Structures are given as structure tokens and as C-alpha cells.
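Structure, as C-alpha cells:
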Amino acid sequence: TLRNRARSMRLQANVPVKLWDHFIETAAYLTVRTPTRTLVNSTPFEAYYGHKPDVSHLREIGCASFVLIQN
């Protein structure tokens, strides 16, 4: 599962294979914070810590960005 998620993220972001380990870590991080049917729509993080995880810091990998230079 982690390999499939990491591969999908890497291919979508169109980045070199040398960053593979970062995508594996990210896939594991996201898996723990994703709701599962086994835990009745709860996350493994929530089951362990007793509160919902803060995911406000997550950003899209490889998204286009633009710099605004004001004259």
C-alpha cells in the first residue's frame, strides 16, 4: 500500500526517482491520518492519541507556484 501511494504521488508530481524515500515517508504519514473502515471512520492517529490530527499544514506535492514581484 505504501509503495503504491508513494509511486502515485511521485508520478503525479513528476519528480526524479532519487526522492523515492521522501514519498514513502509521506505515504506513511498520510496513511496514519486517513480514516479507515476498520476504525469506524476514524483515523489510526485519532485512535492512538484520542483527538483528530491537525492536517492544516499539508500541501500538494509538486504543485505549480508563481512568484509575484511588485514594482
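Descriptive notes on the structure:
- Farthest toward the positive end of the dipole of the range 6-71, out of Asn41, His57, Ala6, is the Cα of Ala6, where the dipole comes from beta carbon charges about the Cα centre.
- The chain: chymotrypsin sites (Phe, Trp or Tyr not before Pro) falling in loop per DSSP and having at most 10 other Cβ within 10 Å: Phe66
- Zero-based 10 Å bins, Cα pair distances in the chain, whole percents: 17, 38, 28, 12, 4, 0
- Magnitude of the charge dipole for the range 1-64, about its Cα centre and with charges confined to Cβ atoms of Lys, Arg (+1) and Asp, Glu (-1), is about 220 debye.
- Rolling a 1.4 angstrom probe over the protein heavy atoms with all chains in place gives the chain an accessible area of 87 Å² per residue.
- Accessible surface of the chain [probe 1.4 Å, protein heavy atoms]: carbon and sulfur percent: 56
- Angle between the chain longest axis and helix 20-32 axis [Cα atoms, degrees, rounded to 10]: 40
- In a DSSP loop and with at most 10 other Cβ atoms within 10 Å, the GluC sites (Glu not before Pro) in the range 13-71 are Glu60.
The values are calculated or read from the model by the stated rules, or taken from the named source; none is laboratory data. Just so it is clear, the model here is predicted, and its values are computed rather than measured. Neighbour counts are summed over all protein chains in view; Cβ atoms, including those assigned to glycine, are modelled from backbone coordinates with ideal geometry. Ligands, DNA and RNA are excluded from the accessible area calculation, which covers all protein heavy atoms including side chains. Shrake-Rupley method; radii C 1.70, N 1.55, O 1.52, S 1.80 Å.
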